[in-house]
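**Q** Can you keep this structure in mind? I'll have questions shortly.
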Amino acid sequence: MFVPLWGTRVPYVINRRLGGFSPGAETYRYDLTPVRVFSGGANVTVSPGVSGSIFKSAGDLNPHQYLPNQMFAQGWMYETLVGYGQDGAIIPKLAERWTSEDVPNGGERVTFELRQDVQFHDGTDFNCTVAKLNFDHVLSDIVKERHSWMGIVDQLTNWTCNENGDFVLETKDKFYPLLQELSYIRPLAFASAASFEQGINSDPDEHNSCHPGTLEELYPDSGLRCAGLSTPSGTGPFRFVSREISADGTIDNKVIFARHDEYWGTKPDIEFVTVDYYETQEAVEAALLEGRLDMALGIGPLAAKQVQDLKFNHAELVDVQHSDVLQHAILIINTAKYPTDDLKTRQAIIHAIDKARFVDEEFAGLEQPVNQLLPYSAPYCDVDLSPAWGFDLDKALLLQCPQPDNGSSLSGGAIAGIAVSAAVAVVLALFVARLIMREKSGKPMFSPEESEKAEAA
């Protein structure tokens with residue numbers, strides 16, 4: 001069972017020498033193309049949030065893989081067929097337009113007319129043949145298992161280029177989220193064919209774009225060989241330039257991106273983006289106040305109270321913006337095990353959680369108490385659910401206070417039940433408190449630090 005706790009609004013802190021930044025509809029996509037430089041140089045320094053933590057590394061910059069690759073960098077460098085806009089609107093990216101038609105098997109055929117005169121960072125052209133190559137590698141019979149969390153992996157039956165150079169996808173059923181899943185930052189983004197080991201002729205099994213050593217152990221008898229990509233080259237508004245790595249190889253002290261001057265869309269005003277590593281949130285805040293850091297973007301670089309302090313006490317130096325609520329923190333209760341297999345115990349727990357209090361005291365009012373699984377900004381989720389199980393300590397206590405029979409004293413079992421329920425409530429309260437403290441410190445309880453090895457592929 002899911003107990004929604006609070007809704008997260010993504011914070012963005014921008015030096016006032018810059019303008020034009022607008023919060024997006026995706027947690028880890030930081031669009032810098034609209035940003036304009038009002039004063040000072042066109043080289044901008046950024047501390048980006050990565051999976052709710054402080055930035056440590058951009059990863060291999062492979063658009064087809066997950067951790068340690070970071071979505072903010074993949075979003076700057078690589079593009080997809082379509083994008084995800086405000087209020088869930090699907091917008092054109094590398095596909096200018098698309099049409100859909102039913103097919104006899106009950107599925108759907110979607111034809112994407114691709115944008116012309118698009119160049120990768122290495123100067124090669126984007127076209128349907130390159131688009132198909134990327135899909136061949138991401139959705140090969142072996143590698144697609146890594147992406148089975150996406151419905152599109154099971155739905156797509158064919159992807160081809162027609163005589164007009166359009167990219168044609170076919171599904172086995174009418175699949176509503178097709179366009180939404182095509183808009184994800186990864187893995188169905190496009191890398192230059194020149195980056196593949198054998199170029200446009202790279203075999204999806206023998207020369208797959210997966211990073212060497214990441215998937216072969218998972219599928220030892222498959223014949224899969226991960227060759228990776230020789231250079232990170234996409235069509236996005238920024239290209240990779242260089243990085244400075246720590247002595248132990250675990251931290252990117254500095255990563256530099258440059259404007260893609262042949263970009264098909266609106267060319268950024270920013271010439272270079274330097275992503276700097278900071279050891280603590282206090283170091284990020286000091287760099288902002290001293291003018292050494294231009295932007296702290298997303299969840300992780302700053303604690304909520306630091307964001308609020310910058311907003312109200314340093315407004316002359318920085319502009320603080322917030323997104324709509326984009327994700328919810330959720331407490332999961334196991335309904336199959338004692339004592340939370342009891343309905344009244346679960347109801348008591350829910351009524352005992354004072355969401356408004358810890359949002360106010362621990363998050364400085366930045367977050368919002370919520371009562372539903374998904375945020376209002378998600379498609380078809382802008383409805384109020386009833387009843388709303390809110391904080392009510394008296395009701396929580398009454399739910400766990402059995403009435404004695406005929407005026408007799410409480411039985412030992414009843415007393416034990418109350419004690420166990422009280423213990424569960426205390427444990428859950430401690431868990432929520434620890435979760436909050438980890439969020440505040442930029443080290444969320446479920447950050448990739450604990451699961452990096454499992455998700456490195």
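The values are calculated or read from the model by the stated rules, or taken from the named source; none is laboratory data. Bear in mind that the values here come from a model prediction, so they are computed numbers and not experimental data. All Cβ positions, glycine included, derive from the backbone under ideal geometry; neighbour counts span all protein chains shown. Quick note on the areas: whole protein, heavy atoms, side chains included, nothing else; ligands and nucleic acids left out. Shrake-Rupley method; radii C 1.70, N 1.55, O 1.52, S 1.80 Å.
**Q** With a probe of 1.4 Å, find how much accessible area segment 186-244 has per residue, and write the answer as a whole number in Å².
**A** Averaged over the residues of segment 186-244, the accessible area is 44 Å².
**Q** Something else now. Read phi for every residue in segment 142-149 and hand back ³J(HN,Hα) as whole Hz from Karplus 6.51 cos²θ - 1.76 cosθ + 1.60, θ = phi - 60°, with x for Gly and Pro.
**A** 8, 5, 4, 4, 5, 10, 5, 5
**Q** So, with a 1.4 angstrom probe, what is the percent of accessible area on segment 339-390 that is carbon and sulfur?
**A** Accessible surface attributable to carbon and sulfur in segment 339-390 totals 54 percent.
**Q** Once the other residues with Cβ under 13 Å from the Cβ of Gly107 are scored (Lys, Arg +1; Asp, Glu -1), what is the net sum?
**A** Neighbour charge sum, excluding Gly107 itself: -3.
**Q** Return the carbon/sulfur percentage of the accessible area of segment 179-291, one whole number, probe 1.4 Å, all protein chains in place.
**A** About 45 percent, which is the carbon plus sulfur part of the accessible surface.
**Q** Rank Gly49, Trp149, Gln119 by how far each Cα sits towards the positive end of the charge dipole of segment 30-172 (+1 on Lys, Arg Cβ; -1 on Asp, Glu Cβ) and give me just the farthest.
**A** Gly49
**Q** Distance from the Cα centre of segment 71-110 to that of segment 152-178, in angstrom?
**A** 11 Å
**Q** Okay, moving on. Could you give the spread of the C-alpha atoms of the chain along their three principal axes, from largest to smallest, in whole angstroms?
**A** Between the extreme Cα coordinates on each principal axis of the chain lie 85, 61, 43 Å.
**Q** Need one number: the % of Cα-Cα pairs in segment 37-87 sitting beyond the 19 Å mark.
**A** Summing the P(r) tail past 19 Å for segment 37-87 gives 43 percent.
**Q** Right, something else. Taking every pair of Cα atoms in segment 277-410, average 1/r, invert it to obtain the Kirkwood radius, and report Rg/Rh to two decimals.
**A** Here the Rg-to-Rh quotient is 1.14.
**Q** Hey, how many Å between the Cα centroid of segment 209-248 and the Cα centroid of segment 335-360?
**A** 44 Å
**Q** Tell me, what HN-Hα J-couplings in whole Hz come from the Karplus equation 6.51 cos²θ - 1.76 cosθ + 1.60 at θ = phi - 60° for each residue of segment 16-33, using x for Gly and Pro?
**A** 6, 6, 10, x, x, 5, 9, x, x, 9, 10, 4, 10, 9, 10, 7, 9, 5
**Q** Using only DSSP helix segments of four residues or longer, with each worth -39500 (n - 2.57), what per-residue ellipticity at 222 nm results for the chain after dividing by its residue count and rounding to 500?
**A** Here the helix-only value at 222 nm equals -7000 deg cm²/dmol.
**Q** Turning to a different aspect of this structure: Give the peptides 297-307, 131-141, 328-338 in descending order of average Cβ contacts within 10 Å, highest first.
**A** Ranking the peptides 297-307, 131-141, 328-338 by packing returns 297-307, 131-141, 328-338.
**Q** What are the extents of the Cα atoms of segment 1-156 along their three principal axes, in Å, largest first?
**A** In descending order, the Cα extents are 58, 50, 31 Å.
**Q** If we sort 43-53, 367-377 on the protection proxy, mean other Cβ atoms within 10 Å, highest first, what's the order?
**A** Top to bottom by mean Cβ count within 10 Å: 43-53, 367-377.
**Q** Got a number for the accessible area of His211? Probe 1.4 Å, square angstrom, nearest 10.
**A** 70 Å²
**Q** OK, next. I'd like to check one number: the per residue accessible area of segment 273-353, probe 1.4 Å, reported in Å² as a whole number.
**A** Ligands and nucleic acids excluded, the result is 43 Å² per residue.
**Q** If you don't mind, there's one more thing I want to ask. Which ³J(HN,Hα) values in Hz, rounded to whole numbers, follow from the phi angles of segment 368-384 under the Karplus curve 6.51 cos²θ - 1.76 cosθ + 1.60, where θ = phi - 60° and Gly and Pro get x?
**A** Values per residue, Gly and Pro as x: 10, x, 9, 10, 9, 5, 10, x, 4, 6, 6, x, 6, 10, 8, 10, 8 Hz.
**Q** Hey, got a sec? Which GluC sites (Glu not before Pro) in segment 308-362 land in a DSSP loop and have at most 10 other Cβ atoms within 10 Å?
**A** Glu316
**Q** Mind computing the radius of gyration and Dmax over the alpha-carbon atoms of segment 1-52? Å is fine for both.
**A** Rg and Dmax of segment 1-52, Cα atoms, are 14.5, 52 Å.
**Q** In addition: Tell me, Kirkwood radius of segment 163-218 from alpha-carbon pair distances, in Å?
**A** Result for segment 163-218 stands at 14.1 Å.
**Q** Still on this structure, I have one more. For segment 304-404, what is the charge dipole size about the Cα centre, in debye to the nearest 20, if Lys and Arg each add +1 at the Cβ and Asp and Glu each add -1 at the Cβ?
**A** Around 440 debye, computed over segment 304-404.
**Q** On the protein heavy atoms, probe 1.4 angstrom, tell me the percent of accessible surface of segment 32-155 carried by carbon and sulfur.
**A** It is 46 percent, rounded to a whole number.
**Q** Which one, Pro11, Ser22, Ala315, is farthest towards the positive end of the dipole of the chain when Lys and Arg carry +1 and Asp and Glu -1 on their Cβ?
**A** Sorting the options by dipole projection puts first Ala315.
**Q** Ok, one more. Enter the accessible area per residue of segment 6-112 (Å², integer; probe 1.4 Å; all protein chains in place).
**A** 33 Å²
**Q** Cross-link list Lys56/Lys311; Lys355/Lys395; Lys93/Lys172; Lys93/Lys267: which exceed 19 angstrom alpha carbon to alpha carbon?
**A** Lys56/Lys311; Lys93/Lys172
**Q** Can you give the FRET efficiency to the nearest 0.05 for Asn43 and Met1, using r as the Cβ-Cβ distance and R₀ = 45 Å?
**A** 0.35
**Q** Can you order the peptides 85-93, 271-279 by their average number of other Cβ atoms within 10 Å per residue, highest first?
**A** The most tightly packed comes first, giving 271-279, 85-93.
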